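Trainee: Below are the structure tokens for one structure; questions will follow.
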Amino acid sequence: MDPSTILDYIPKQLLPSLGIPLVELFPNLCLGWWTPTSLDLNKYNRLKYLRVLLLIVAWYPVFEMLFPIIEDSTVFSAVVIFAVASILTRPFLMEKQIKRVTSIGLWNAVLPREKREALWIVVTSSKPSDINKFDELAARYVNSPTKIAGIVICIISTQLYEKLTDMDDKMKLLGALTASIIGGIGIGGTRHANMFVDIVFRMVFGIGFIAMLHYLSIVSDLLVIRSIK
């Protein structure tokens, strides 16, 4: 693809944000939000600080462009706080979840890939029973950062929707939001089950997220034009 084509769709300022959908297309790099399909949990846990850094770098230009768009400072502050909270708590809670899985003797045995995937799904699908233990309690809320990130994306989409003037653009933005949410839910539910479906959901998430960045740039341009007039 011609780089100029990308720049026509996404401004240079938002190019670092493309790292979010890009790393999800290569899950075994262990730099994405979700655990890798290879189930290399040690590598995933080892790279948690790099993932946090990459996410902060990717989200910063989004916040920068959102600042003049979201007129209510309370809403903008909430978006930033929720996003940062989800980024910082995700690796901590995932570490507790990973320790919960790897502490099982069967996990450390030599297992075929299919059985290891099945064991991961069974353990992570069941809620910890001993909530008096801090690690167990933390693992119980491992999906909370993902839900918070979803709320952030919904708030951003709502703010962009209100600023768009063309109804066709508004409908496309809603489609992008839907694709991002469906893609995220799909990745979380299929990444260790069906490789083809997992790839499809990752592409859906990527398309939806990139489209949202596109409409973020459109709204930013609209505000600039209005300010000049």
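The values are calculated or read from the model by the stated rules, or taken from the named source; none is laboratory data. Worth saying up front: this structure is predicted, and the values here are computed from it rather than measured. Note that we place each Cβ from the backbone using ideal geometry, even for glycine, and neighbour counts take in every protein chain shown. Ligands, DNA and RNA are stripped out before the accessible areas are found, and what is left, the full protein with its side chains, is counted by its heavy atoms. Shrake-Rupley method; radii C 1.70, N 1.55, O 1.52, S 1.80 Å.
Conditions (1) part of a helix (DSSP H, G or I); (2) hydrophobic (A, V, I, L, M, F, W, C); (3) farther than 23 Å from Leu18 by Cα, marked per residue:
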| site | (1), (2), (3) |
| --- | --- |
| Ala58 | yes, yes, no |
| Met65 | yes, yes, no |
| Ile70 | no, yes, no |
| Val80 | yes, yes, no |
| Ala83 | yes, yes, no |
| Ile87 | yes, yes, no |
| Arg90 | yes, no, no |
| Leu93 | yes, yes, yes |
| Ile98 | yes, yes, yes |
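Residue-by-condition table, conditions (1) in contact with a Lys or Arg (Cβ under 8 Å, 6 or more places away or on another chain); (2) exposed (fewer than 15 other Cβ atoms within 10 Å of the Cβ); (3) modelled with pLDDT under 85:
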| residue | (1), (2), (3) |
| --- | --- |
| Gly183 | yes, no, no |
| Arg191 | no, no, yes |
| Ser217 | no, no, no |
| Leu222 | yes, no, no |
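Trainee: Moving on to the next point. When you check Ile148 against the structure, is it part of a helix (DSSP H, G or I), modelled with pLDDT of 90 or more and either under 23 Å from the mean Cα position of the chain (by Cα) or surrounded by 12 or more Cβ atoms within 10 Å (Cβ to Cβ) (or both), yes or no?
Mentor: For Ile148, the condition - part of a helix (DSSP H, G or I), modelled with pLDDT of 90 or more and either under 23 Å from the mean Cα position of the chain (by Cα) or surrounded by 12 or more Cβ atoms within 10 Å (Cβ to Cβ) (or both) - is met.
Trainee: Scanning for something within 25 Å of Ile187 (Cα to Cα), in a loop (DSSP other than H, G, I, E, B) and among the small types (Gly, Ala, Ser), does segment 122-133 turn up at least one residue?
Mentor: yes
Trainee: Could you count how many residues in segment 72-129 are within 30 Å of Glu162 (Cβ to Cβ), within 19 Å of the chain's Cα centre (by Cα) and among the charged types (D, E, K, R)?
Mentor: Residues flagged as within 30 Å of Glu162 (Cβ to Cβ), within 19 Å of the chain's Cα centre (by Cα) and among the charged types (D, E, K, R) within segment 72-129 amount to 1.
Trainee: Name every residue in segment 34-56 that is hydrophobic (A, V, I, L, M, F, W, C) and open to solvent by less than 80 Å² (accessible area, probe 1.4 Å), in order of residue number.
Mentor: Trp34, Leu39, Leu41, Leu47, Leu50, Val52, Leu54, Leu55
Trainee: Please find, within segment 156-181, the residue that is most open to solvent (accessible area, probe 1.4 Å) out of those that are in contact (Cβ under 8 Å) with a residue 24 or more places away in the chain and farther than 19 Å from Ile70 by Cα.
Mentor: So, considering only residues that are in contact (Cβ under 8 Å) with a residue 24 or more places away in the chain and farther than 19 Å from Ile70 by Cα, the one most open to solvent (accessible area, probe 1.4 Å) is Lys172.
Trainee: Which residues, counting only those in segment 29-46, are under 28 Å from Phe63 (Cα atoms) and at pLDDT below 90?
Mentor: Within segment 29-46, Thr35, Pro36 qualify.
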